Amino acid sequence: MDTYANLAALVLAGLVGLAFVFALYGAVKLLAPSRPYALKNATYECGHDPLGEAWVPYRLQYYAFAIIFLIFDIETAFFYPIVLVWRQIGTLALVETLIFVAVLLVGLLYAWKRGVLKWD
Amino acid sequence: MNARIFLTQLLGALGLIVILGFNVIIMDWWERKLVGHIHRRPGPMHTGWHGILQPFADMLKMLSKEDIVPDRADRLFFWLGPAVAVVPAFMALAVLPLAPGFALADIGNGLFFVFAMQTIMPFGYTLIGWSGHNKWSLVGALRSAAQLISYEIPMLIVALGILLAAGSARLTDIVNAQSTVWYAVKQPIGLLIFFITAVAEMNRSPFDMPEAESELVAGIHTEYAGMKFGLVMMAEYTAMLVGSWMIVLLFLGGWHLWPLPPSPVWLVLKLYLVQSGIIWLRGTYLRLRVDTMMEMSWKYLIPASLANLMLVGVLATTFKGF
Amino acid sequence: MTVDLEAVAAAHSGRVDREGLDPAIVVPRETWRQLAQALSEAGVWFSDLTCVDRGETVEVVAQVCASASEQITLKTVLPNRDLTVDSLWPVWPGMDWLEREAYDMFGVSFVGHPDLTRILMFDGFEGYPLRKSFLLETEEKAS
Amino acid sequence: MIEDHPRVGRLQKDAVTESIVLNMGPQHPSMHGVFHMQLELSGETILAARPVIGYLHRGIEKLAEHRTYAQCMVLVDRLDYISQYCNEWAYCRAIERLARIEVPERAEWLRTMYAELVRVTSHLMWFGSVGLDLGGWTPVIYAFIPRERIFDFFEATTGSRLMPNYLRFGGVKEDVDPAEMEALHAYLAKDLIDALDEFDGLVTGNEIFLSRQRGLAPMTVDQAHAWGVTGPMLRACGSTRDLRIDTPYGVYDRLDWESCTDTRGDALARYSVRMREMRESAKMALQCIERMPAGEVRTKVARVLRPPEGEVYVRHESTRGELGFHIVSDGSPKPYRFRVRSPAFMNVSSLPHLCAGAKISEFFAIFGGIDNVMAEIDR
Amino acid sequence: MGLIENAERPNFILTTIDTLLRWGRSHSLWWCNAGSACCSLEFAAMGGARYDMDRIGSGLVRASPRQSDVLLIPGPITKKMAPIFVRVYNQMPDPKWVIAMGSCAISGGAFRESYSMTRGADTVLPVDVYVPGCPVRPEALFYGLLKLRARVRGTSNIGLAHREPIYVPPDLPPEWEAEVREFLGEHEAC
C-alpha cells in the first residue's frame, strides 16, 4: 500500500543525514587547527592520570535490564493487532488483553521482588 | 519518471536539513534567552539584536575548534558515535507531517517508524559514551542507555491508545481524527505519561542523567571537543524537536485549532509552546536520582500506561464518540 | 560536669599548669593515651590537636571540651631528637586527620595511627614546614 | 539480588565484574574549590572513598609567624573567604584576651551584626551550591541576588565586598553610616524574608529534592563527637552545642533568638537547620540595627602591639562550626605560633564514613550538606 | 591541517573566512573553571543575575576542558595543584586562552614567599590576560573578558602555525618538569 518511492525517501533521508554529518566533519578538517601531542590526547580524568582501565566488565546486573526491556518491547509488538481490531471485537478484546497483560505483569512483579529493577 | 521523484525527494530531504538547522538555531537562542529570563538576567544581548546571532557564533566557533581524538579511544566508534545519535532523529523528521499529507514520506505506519528511530538513539548515546575510553562517559553511557530503553516502553503503550482511538497509524489520519476534539481532552492520562516519557527520551531537565554536569563532569560527551560536541547538541535539539512534534501531533491536534481553519501555523505555534514548556522545566526542577528515575518507569509508568490502554479500550467500545 | 583537674593529673603523673589564661594538664609522653582514655570515658570530647616548636623541644597540645562551655588544654613535651608519641586515634577517631597534619607540619610520628602520610603537602616534599629550623626562601636569601 | 539465584548465581561468580577507581579530582564542576576524592565504584555504588586535600595549602600558619599581629588580619580574611567577619572576630577576641584589651559597647553590637550578616551570605552561597550539586541551575542565580544586596552594604560601610579587613583589636575600623543602616533595615525586614520564602518554594517544597535528601547519610551525636564535627552539621543530629549560647560573647545574650537544631541527623536535617539559621541571623541583624547604642567604636591600642608572653585558645561559632584560634606569643610583635582550628577540616574528615555505600548522585547530596571551604581546610 | 593556519600568503577568501571565524570565536568564549579560591566566588557572582556574563555569549561554564576555550585560574596555584593545571590546559582544544585572575594567580599575591606556592600562573602556563585585584571585582573580570574578546577578534590567524612563539616558562620547577617538558617537547617540531 506504500509506494516504494515513499520507503526509498526514508533511506534517502538517512543518507542525506549521514552526508550532512560527514560534511560537517570535512568542514572541521578544513577550518580547525590541529596540533595533536601526547599530553593533549591523554584521557581526561579531572587533571590526573587515569587509574586503571575504563573498559572493564562493569556491572553484570545491568544485563538483566536489557532482557526485561526486550520482553516488554515484544509485548508492545503483540498489542498492535489487538489494538487495530479492538472496535470491531468489543469486550472480547478487553478480556484477551487483560489475560495477556496479567501474564506479563506476573513477570514484572517477579522481577520487582527479585530486586532486579533496583539500579545500583 | 523515477528521476523526477528522486529529485523531488532529494529536495525534500535537503528541506529537512533546513528545518533541522532552523530549529537548532532557534532553540539554541530561545533556550538561553528563556532560561536567562527565568534567572532574572537578560541572556545573550550583544551578538546581533538581542543575541539573535548567538547560535551562528557558537556554530562557527565549534567548526573552528580543534578536533581531539584521545589516543586510547576506539577511533571508529568515536567518529561514528555522534552520527548514530543525529541520523535516527533526523530520519524520524522525514515522517512527521507539517500539513495534511505534506511530509517527505507519509508512510502507512508513520507512528511506528518514529518509535523505531527512537529505539536506535540509545545506541548512539552508548557509543558516544563508551568509545571515549573515559570512566565518566562510561557511567554516563550506561545511565543513558538504561534511561532511554526504560522510558521507551510506556511511550509505546500510550501511543497504542492513540492508535486504538484513531484506527490508523498514518500520522495525517491521526491528526485528522482530532479535527474537533483533541486527544489531550479524551486521554488526559495518556498525555501526562507521554509528556513525562518524551522529556526522558530527550534527556531534558529532570531526567538529564547522561549529561549530568554536576556529577559526571560532562556525562557522555566528556571527551568530545569542538564539532563533535556540537553534533551531540544538535542531536539533543533534534530529539527535542521530534519529541515535541509527536506530542503536538498525537495529543494537541497538529494543525487543527477547532473554531479556526486548520493551517500549519497552529502546528508550529503549538510546537514552540511545548518546547518552551520543556525549557521551563529545566529552569525549575532539580535532577532525579538515577534509581528513583528507573523505578519511576518500571514500577509506576508502565502499569499506568497499561491501565490507560485498557481504559481507552473500554471507552472506545462503549461510547461512539471516542 | 566539671572534671577535677588535680585528680586526673595526679592519676597520670602529670601536673596542672595554672599561670596561663586557661588551665592545662601537662603529662609525660608515656601516659598521654591513658589520660585521653580517662577523659574520654568521663564524657569529654576533643576539639583540636596541634604542636608548638619550642626550639629544642616540641609541645603536643590537645584542646578538649569537658562540657559545652568548659575548655581544657592537654600538653606533653617531646625532646627534639625523638618525636614519637602514642596516637589518640583509638580514643577519638577524628584525630586521624589532625595527627596526619601534625606529622606533615612538624614531623611528630604518632604510634598506632592507621595511615600516617602527608596530608597538606605534595608527596615529594622534604622537610617539615612549621618547624623553626625550616626557613622560607626570603629568609635563606637574607641569612 | 539476582546473583543469589541458583542458576544465575553460578554465572555471576564466573564472570567477575570489576570495580573502577575514579578520580573525582580537583578540577570538577561541583567540588567546591579544589577538593580531590578517589572513589572506588561498583556500578554506581561507592565501595570506598579517600579524600585528598592540600591543593590550596598556602602555608598561612608559617607566613603568620613572619608578620606583626595587625598584618595577620589580612591572612585571617583569606582563611574562610565566605564568612570573613567571623574569622576576623575570632582572631580579635583571641588577641584581646591575650593582651587584655577592652572593647566598647557599640563595637560589640557592630561585630555581632556583621557576623550575622555574613552568616546569611555564607548560607546563601551554600544554598546555591546545594542546588547546583543536585542539578538545578536556578538556585545559584536566585541565591546571589540577596547576597549582592548585602555585599552592597558591606562595600558601602567597610570598603570591600569580600575581604573587608574591618575589625581592629579593641573595636572596629570606623563607625557605620546611619543611612546605609536604614536601607539595610528595610531590606532585611521584608525583601530578604520574601527571597527566603521563594527559595523554600523553589527547593524545599520540591518533591525531587526531598526524595534525594531524606534519610541520606544519617549521623548520631556521639558519632559527630567522635569525628569532631561541629556547627550546623552537629546541631542537625540533635545536639544543642552552640558557642554563641554556651560561651556567650558579643551581644548574643542580649538578643532574643534561639539556636536551630534538628533531631534526624540526615542530609535533609542539615539543610533545614541552615535554612532556619538564615532567618534567625536576619532577625538578629535587625535587632542589632534597632537597639545599637551610640558611642565610640574603638579603644586606643599601641600601633605595634606587643602582647605579654603567653598562650590563648579562643573558640568561636563560625558559619561552619567551631573556629579556634590558638596563639602563642613570646612578647615580640610577631606571633610565635599561629594555629587555626578549622571547622570544615573536621567536618570533611567525616565524609568517607558518611558516603560509604552511597551512590554517585547521593555522594553529591551529602557533599553539598557538608558546606566546606577549601581555603579554610588547607590553610 | 587548518586551511587558515597553514596558508603562506593571505588572499581575499582566507581573510574573509578568518574574520568570520574570529567573530564567531570572540562571541562564544566558553569557560573552563578550575575553581580554586576566593576569586572563584567573584567569578560565580559574575555569572549571576546582576553582572551576567552570558550577555556576551560566554555564559556556559563547561566542566570538561575539551569543550572550553578560556581556562580561568581564579586563585593561587600551589605546587601540588600546578601539574593538574598544566594537564587541564593541555587537554583543551587548540584555539585556547588563559585568564589569570587575582594577584595570587598573577604573582603569588599575599602568599608570595610561601614554601608551597608558585610565583604566579605564568611560571606554569602561557597567560593571555592578567586581572589584578584581591579579590577581583566582577566588573574587573568582565573588563578582562572584554579585553580577551577584543584580542581574539583582532589577531589574524593566517599562517599562525609557522610563527606561533613556543612558550617556555622562565624557571621550570623541578617537581613536574617531565609533564611540562612533554608539553613543550612535541611543539619544537611544529
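If you find the alpha carbon centre of region E:87-123 and of region D:321-379, how far apart are they in angstrom?
One Cα centre to the other: 25 Å.
Pairing the Cα long axis of helix B:302-318 with the longest principal axis of chain B, what angle in degrees results, from 0 to 90 and rounded to the nearest 10?
So the helix axis and the longest Cα principal axis differ by about 20 degrees.
Any chance you could give the angle, 0 to 90 degrees and rounded to 10, that helix C:95-106 forms with the longest Cα principal axis of chain C?
40
What number comes out for accessible area per residue over region B:1-64 if the probe is 1.4 Å? Units Å², please.
Result: 47 Å² of accessible area for each residue.
How shielded is C:89-100 by partner chains, expressed as the average number of their Cβ atoms within 10 Å of its Cβ atoms?
Taking all residues of C:89-100 together, the mean is 4.
Please identify which residues in region E:1-37 have an amide N closer than 12 Å to a label point set 7 Å out from the Cα of B:Ile52, following the Cα→Cβ vector.
So the set is empty, nothing qualifies.
Taking the Cβ of C:Met95 as the centre, find all other residues whose Cβ is under 12 Å away and add up their charges (Lys, Arg: +1; Asp, Glu: -1). Working shown, then result.
Numbers: positive: C:Arg33, C:Arg100; negative: C:Asp48, C:Asp86, C:Asp96, C:Glu99, C:Glu101.
Its environment carries a net charge of -3.
Using a loss threshold of 50 Å², tell me which positions in region A:86-100 are less accessible in the complex than in their chain alone. Probe radius 1.4 Å, ligands and nucleic acids ignored.
A:Trp86, A:Arg87
When the Kirkwood hydrodynamic radius is evaluated over all pairs of different C-alpha atoms of region B:255-321, what value in angstrom, to one decimal, is obtained?
Final number for the Kirkwood radius of region B:255-321 is 15.8 Å.
If you roll a 1.4 Å probe over the heavy atoms of the protein chains, what accessible area per residue do you get for chain D, in Å²?
Per-residue value: 29 Å².
Return the distance in nm (one decimal) between the two label points of a simple spin-label model at D:Leu210 and B:Ala307, each offset 7 Å from Cα along Cα→Cβ.
2.1
Using per-residue counts of other Cβ atoms within 10 Å, averaged over each peptide, order C:91-103, B:26-38 from highest down.
Listed from highest to lowest mean packing, they are C:91-103, B:26-38.
Testing the spin-label approximation: label points 7 Å from Cα along Cα→Cβ at B:His37 and B:Phe319. State their distance in nm.
3.7
If you take each beta carbon of peptide A:66-73 and count the beta carbons of other chains within 10 angstrom, what is the mean?
On the way: counts 3, 0, 4, 10, 1, 1, 10, 6.
For this peptide, the per-residue mean of nearby foreign Cβ atoms is 4.
Once both axes come from the Cα atoms, what is the angle between helix B:226-250 and the longest principal axis of chain B, in degrees from 0 to 90, rounded to 10?
With both axes taken from Cα atoms, the answer is about 10 degrees.
Using a Förster distance of 51 angstrom, determine the FRET efficiency expected from the C-beta separation of A:Lys113 and B:Arg75, and round it to 0.05.
It comes out at approximately 0.70.
Mind checking how much accessible area B and A bury in total, 1.4 Å probe, in Å² rounded to 100?
Details: alone 15490 and 11220 Å², together 20100 Å².
For chain B against chain A, roughly 6600 Å² becomes buried.
If you take the beta carbon distance between D:Asp191 and A:Ala5 as r and set R0 to 45 Å, what does 1/(1 + (r/R0)^6) give as a FRET efficiency, to the nearest 0.05?
0.10
Return the carbon/sulfur percentage of the accessible area of region D:229-379, one whole number, probe 1.4 Å, all protein chains in place. Could you put the intermediate results ahead of the total?
Numbers: 2160 of 4300 Å².
That fraction is 50 percent.
For the protein assembly as shown, compute the orientation-averaged projected area of the C-alpha convex hull (one quarter of its surface), in nm². Walk me through the numbers on the way to the answer.
On the way: hull surface 201.4 nm².
That works out to 50.3 nm².
Would you mind telling me the antiparallel percentage of the DSSP bridges in the protein assembly as shown, rounded to 5?
Details: 54 of 71 bridges.
Approximately 75 percent, going by the DSSP bridge assignments.
Whole number in Å², please: accessible area per residue of region C:5-142, 1.4 Å probe, ligands, DNA and RNA not counted.
Working: 5380 Å² over 138 residues.
Here the per-residue accessible area is 39 Å².
Quick one: check the C-alpha center-to-center distance for region D:149-206 versus region E:1-68, whole angstrom.
Result: 34 Å between the Cα centres.
Ignoring ligands, DNA and RNA, how much accessible area is buried between chains C and E, both sides summed, with a 1.4 Å probe, to the nearest 100 Å²?
Numbers: alone 7890 and 10420 Å², together 17510 Å².
Summing both chains' loss of accessible area gives about 800 Å².
Mind checking which of B:Gly43, B:Phe22, B:Phe56 is farthest towards the positive end of region B:1-64's charge dipole, using Cβ charges of +1 (Lys, Arg) and -1 (Asp, Glu) about the Cα centre?
Farthest towards the positive end: B:Gly43.
At a 1.4 Å probe, which residues in region D:103-147 are at least 40 Å² less accessible with all protein chains present than in their chain isolated?
With the partner chains in place, region D:103-147 has these residues losing at least 40 Å²: D:Gly135, D:Trp137, D:Thr138, D:Ile141, D:Tyr142, D:Phe144, D:Ile145.
Of the heavy-atom accessible surface of region C:58-143 (probe 1.4 angstrom), what whole percent is carbon and sulfur?
54
Would you list which lysines come within 26 Å of D:Lys283, measuring only between C-alpha atoms, while excluding same-chain residues fewer than 8 positions from it?
D:Lys173, D:Lys190
Mind ranking E:111-119, E:153-161, D:296-304, A:46-54 by how tightly packed they are, going by the mean number of other C-beta atoms within 10 angstrom, highest first?
Result, highest mean Cβ count within 10 Å first: E:111-119, A:46-54, E:153-161, D:296-304.
Based on the Cβ-Cβ distance from C:Leu135 to D:Asp177, what FRET efficiency comes out when R0 is 35 Å, to the nearest 0.05?
Working: r = 46 Å, r/R0 = 1.32.
Result of the calculation: an efficiency of 0.15.
Any idea which of B:Ser179, B:Ile120, B:Pro154 is furthest toward the positive side of the dipole for region B:69-318, if Lys and Arg beta-carbons carry +1 and Asp and Glu beta-carbons -1?
B:Ser179
Once you charge only the Cβ atoms, +1 for Lys and Arg and -1 for Asp and Glu, what is the size of the charge dipole of region B:69-318 about its Cα centre, to the nearest 20 debye?
In total the dipole reaches around 200 debye.
Listed here are the pairs A:Lys113/D:Lys359; D:Lys334/E:Lys79; A:Lys29/E:Lys147; A:Lys40/B:Lys65; which of them are more than 18 Å apart at the Cα? Walk me through the intermediate numbers first.
Working: A:Lys113/D:Lys359 21 Å; D:Lys334/E:Lys79 27 Å; A:Lys29/E:Lys147 29 Å; A:Lys40/B:Lys65 14 Å.
Result: A:Lys113/D:Lys359; D:Lys334/E:Lys79; A:Lys29/E:Lys147 exceed 18 Å.
At a 1.4 Å probe radius, carbon and sulfur cover how many percent of the accessible area of chain A?
Reported share for carbon and sulfur atoms: 77 percent.
Please give the direction-averaged projected area of the C-alpha convex hull for chain B, in square nanometres with one decimal.
On the way: hull surface 74.0 nm².
It is 18.5 nm².
What total accessible area, in Å², is buried where chains E and B meet, using a 1.4 Å probe and rounding to the nearest 100?
2600
For peptide D:323-336, compute the average count of partner chain beta-carbon atoms within 10 Å of each residue's beta-carbon.
Partner-chain Cβ atoms within 10 Å, mean over residues of D:323-336: 2.
Where a Cα-Cα gap under 18 Å defines reach, which lysines qualify for E:Lys80, not counting those fewer than 8 residues away within the same chain?
Partners found: D:Lys62.
Among the aspartates and glutamates, which have Cα under 20 Å from the Cα of B:Lys186 when same-chain residues fewer than 8 positions away are ignored?
Within the straight-line cut-off, B:Lys186 pairs with B:Asp173.
For the protein assembly as shown, what does -39500 (n - 2.57) per DSSP helix run (n ≥ 4), summed and divided by total residues, give at 222 nm, in deg cm²/dmol to the nearest 500?
-16500 deg cm²/dmol
Go through region E:106-139 and flag every residue whose accessible area shrinks by 30 Å² or more with all protein chains in place compared to the isolated chain (probe 1.4 Å).
Flagged in region E:106-139: E:Ala110, E:Phe111, E:Glu113, E:Ser114, E:Tyr115, E:Ser116, E:Cys134, E:Pro135, E:Arg137.
At 7 Å along the Cα-to-beta-carbon direction for both D:His66 and C:Ser69, put a label point, then send me their distance in nm to one decimal.
Each label point is offset 7 Å from its Cα along the Cβ direction, giving 4.3 nm.
The values are calculated or read from the model by the stated rules, or taken from the named source; none is laboratory data. Keep in mind that this is a model prediction, so the values were computed, not measured. Quick reminder, even Gly has a Cβ in these numbers, built from the backbone with ideal geometry, and neighbours come from all protein chains shown. Ligands, DNA and RNA are excluded from the accessible area calculation, which covers all protein heavy atoms including side chains. Shrake-Rupley method; radii C 1.70, N 1.55, O 1.52, S 1.80 Å.
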